[in-house]
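Here the structure is laid out as structure tokens; the discussion comes afterwards.
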Amino acid sequence: MDLVIIAAVRLYREGLADVLHGRGTINVVGTADSGDAGVACVQRTRPDLVLVDTATPGGLDVLRSLRTTAPQVRTVALGVVESGPDVLACVEAGAAGYVPREASLEDLVATLERAGRGEATCPPEILAELLRRVTELAGGSTFALSGSDLLTSRELQIVQLIANGLTNQEIAERLAVALSTVKNHIHNIFAKLQISGRAEVAAWVRRQSAV
């Protein structure tokens, strides 16, 4: 996946570029120190992903600008305070994923790769906050939230993979866990959401995502 990094501090962005380039499936094709330079770099290099340091002046505006000028590119916000309002602000600005301030390099790489595959995960409490906000934007309509605040981060991840059409074996391979572990998680998910099949999982995800 081709990646552009936008960060105001030169040492920071060049250091990230050196560390990330060639790591996993990531190929850094450009860096920029501002939103305007970042948009120009994205238009020139046409990457799959853009990593935006939220400490960059106008960081949220950078995300909004990329959503308008390069809607086909997925953006990931870096250095986010992991609270509902801060994550929500990034999502509303167009971010497909976020990396908390306390995240490790491995967390960063994993988030970028998930975003590149069109996947997204977040802790249950953050998901609940996002869903509440979507409800507000929908004019107060309600969602079937039963169980959403009870799912663990791993269960939420598996729910999303089921909705993407992956089999149990494919999920086990993707997450590098035993097939029996996946089956146990799915059993717990069905119990918590009070559903009985994979199609209902996909339907539940659609309901949570509807606006």
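Brief remarks on what is shown
- Segment 2-136: radius of gyration over Cα atoms, expressed as a fraction of 2.2 N^0.38 Å: 0.97
- Theoretical gain in end-to-end length, GLN72 to ARG206 [0.36 nm per residue, Cα-Cα removed]: 46.1 nm
- Stretchable slack from ALA55 to ARG23, in nm (0.36 nm times residue separation minus alpha-carbon distance): 9.2 nm
- Taking label positions 7 Å along the Cα-Cβ direction at both ALA199 and SER104, the computed distance is 4.2 nm, reported to one decimal.
- If you plug the beta carbon distance of ARG154 and VAL9 into 1/(1 + (r/R0)^6) with R0 = 41 Å, you get a FRET efficiency near 0.75.
- Inter-centroid distance (Cα atoms) of segment 167-208 relative to segment 1-60, Å: 34
The numbers here are math on the coordinates, done by the rules we state, and not lab data. Predicted model only: the values in this text are computed from it and were never measured. Positions of Cβ are generated from backbone atoms using ideal geometry, with glycine treated the same way; all protein chains shown enter the neighbour counts.
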